[in-house]
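Peer 1: Following this message is one structure expressed as structure tokens.
The values are calculated or read from the model by the stated rules, or taken from the named source; none is laboratory data. Small disclaimer: the values here were computed from a predicted structure and weren't measured. Cβ coordinates were reconstructed from backbone atoms using ideal geometry, including for glycine residues, and neighbour counts include every protein chain displayed.
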């Protein structure tokens, strides 16, 4: 118990002395401003380098190697045109199911009836289409 009291007394006295002593201002306060800015920027750059040193950046995928197209057979005519990517809407698919009679939220009886539910939601699909030029 005596050790903890002694440690607490020392810490309180050191804290009190640091708070009560006045800070000394020597010289112009603007004199070393740019040195401080340079030190701050350097610390920020080094800190960023230390933090990001373990990140592994993946290399980009290699470019595909395209082979030359073989010469066309005699009498073959090239078709002029290009590929386009078009978006097509695929409509949703509905399914009919029987909803048996039940009481609703207000306590009223609802007779059984057929309802349609979405079995597969609609979506946009991209397809490649060959467009000829004339």
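Peer 1: Criterion first (closer than 30 Å to residue 133 by Cα and at pLDDT below 80) does residue 75 satisfy it? I'd like the intermediate steps shown before the answer.
Peer 2: Working: closer than 30 Å to residue 133 by Cα: yes; at pLDDT below 80: yes.
It is true that residue 75 is closer than 30 Å to residue 133 by Cα and at pLDDT below 80.
Peer 1: Quick one: is residue 49 at pLDDT 85 or above, more than 30 Å from residue 129 (Cα to Cα) and either out of contact with any helix residue (DSSP H, G or I) (no Cβ under 9 Å at 6 or more places or on another chain) or not in a helix (DSSP H, G or I) (or both)?
Peer 2: No: the conditions fail for residue 49.
Peer 1: Residues of segment 98-124 being touching a residue at least 24 places away in the same chain (Cβ under 8 Å) and surrounded by 10 or more Cβ atoms within 10 Å (Cβ to Cβ), which ones?
Peer 2: 118, 119, 120, 122, 123
Peer 1: Of (1) at pLDDT below 85; (2) surrounded by 10 or more Cβ atoms within 10 Å (Cβ to Cβ); (3) under 30 Å from residue 124 (Cα atoms), residue 93 satisfies all except one. Which?
Peer 2: Just one mismatch for residue 93, condition (1).
Peer 1: Could you say whether any residue in segment 20-33 is exposed (fewer than 10 other Cβ atoms within 10 Å of the Cβ), assigned to a loop (DSSP other than H, G, I, E, B) and either modelled with pLDDT of 80 or more or in contact with a strand residue (DSSP E or B) (Cβ under 8 Å, 6 or more places away or on another chain) (or both)?
Peer 2: No, segment 20-33 contains no residue that is exposed (fewer than 10 other Cβ atoms within 10 Å of the Cβ), assigned to a loop (DSSP other than H, G, I, E, B) and either modelled with pLDDT of 80 or more or in contact with a strand residue (DSSP E or B) (Cβ under 8 Å, 6 or more places away or on another chain) (or both).
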